[in-house]
Amino acid sequence: FMQARWGTHGDHPIIAVAPASVEEIYFETIRAFNLAEEYRVPVIVLYDQIVAQLVETVELPRPEAVARSERKWAKGDEQGFRPYAETGDLIPVMARPGSGLRVHVTGLTHAEDGFPTQKPDAVDRVLHRLLGKIERHREQIEKFEAIETADAEIVILACGIVSRAARRAVQELRRKGRKVGLFRPITLWPFPERGLREAAARARLVIVPELNAGQLALEAERILGKEKVAGMNKLDGEPITPAEIVARVKELGR
């Protein structure tokens, strides 16, 4: 979860999506390519082993009915072309291979001409552009699901296969009269902060079940505060069950 965001060389933003079903893997992969095209940034499709090994029936649309994005292509002659020039939306145009426009590609911090630079003002400018282009378009990038959160006193925050167990747990708890909801981030990075705040606005507690020692909970604590977040961690290699989540809610919801 954290490596998808921070596991690169350098401080730059990235997009990561977390499908929770076979169908969602299909559509989120398409969305990942569209986001990569639109914002010129790597997009990680991050799903766990259990979701990857599921067998489910999926109704797929006709290929021509699937929306596809195309990057902004550069136009004009080579003279004065800057492949990383800042634009109004902070997303530079891209030279089409074979068009004659010359581009230098490097993994180092570079200036607008694409060549490496260590000039502090140029480095500062390019990094702020990279950060800004994602921040400016958060509403178009972020995606989440909020279930029964309008009156929820306890909200379960989960993604991937754990969110499917959490969904079942919410259904069972609701049948027993407990006001419990589910917030599922589909876009992990940038994390849907506003959506989580709104979903948890009336809740006194947010429970975060995870198949690790606690990663998603750290993000919840950052956004909501430690006093409002309770972890639920399982490390034995087995999935978290709906019954275990129900038991945790009952334990903390007294």
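Structure notes:
- Over the chain, accessible surface divided per residue gives 56 Å², non-protein components excluded, 1.4 Å probe.
- With the simple model of a label 7 Å out from the Cα in the direction of the Cβ, ALA247 to ALA122 spans 6.0 nm.
- With a threshold of 29 Å on the Cα-Cα distance, the over-threshold entries among LYS143/LYS234; LYS119/LYS226; LYS75/LYS133; LYS133/LYS179 are LYS119/LYS226; LYS133/LYS179.
- Surface share of carbon and sulfur [accessible, 1.4 angstrom probe, percent] for the chain: 51
- Environment charge of GLU23, counting only residues whose C-beta is closer than 13 Å and scoring Lys/Arg +1, Asp/Glu -1: -2
- Working from Cα pairs under 8 Å separated by at least six residues, relative contact order for the stretch 30-87 is 42 percent.
- For the chain, share of DSSP beta bridges that run antiparallel, in % to the nearest 5: 30
- Among the listed options (1) 1.03; (2) 1.18; (3) 2.32, the one matching Cα Rg over 2.2 N^0.38 Å as calculated from these coordinates is (2).
- Förster-model FRET efficiency, 35 Å R0, PHE33 and LEU218, C-beta, rounded to 0.05: 0.75
- Aspartates and glutamates whose Cα lies under 18 Å from that of LYS72, excluding same-chain neighbours fewer than 8 positions away: GLU37, GLU38, GLU86, ASP89, GLU112, ASP113
- Beta bridges assigned by DSSP with both partners in the stretch 130-254 are antiparallel in approximately 25 percent of cases.
- With the helix formula -39500 (n - 2.57) applied to DSSP H stretches of n ≥ 4, the chain reaches a computed 222 nm mean residue ellipticity of -10500 deg cm²/dmol.
- Taking every alpha-carbon pair under 8 Å whose residues sit at least 6 apart, the chain reaches a relative contact order of 17 percent.
- One decimal place: the segment SER99-GLU238 gains 44.7 nm when fully extended, by the rule 0.36 nm per residue minus the C-alpha distance.
The values are calculated or read from the model by the stated rules, or taken from the named source; none is laboratory data. Just so you know, these numbers come straight off a predicted model, no measurement behind them. Using ideal geometry, Cβ is built from the backbone for each residue, glycine included, and neighbour counts are taken over all protein chains shown. Accessible surface areas use protein heavy atoms only, side chains included; no ligands, DNA or RNA. Shrake-Rupley method; radii C 1.70, N 1.55, O 1.52, S 1.80 Å.
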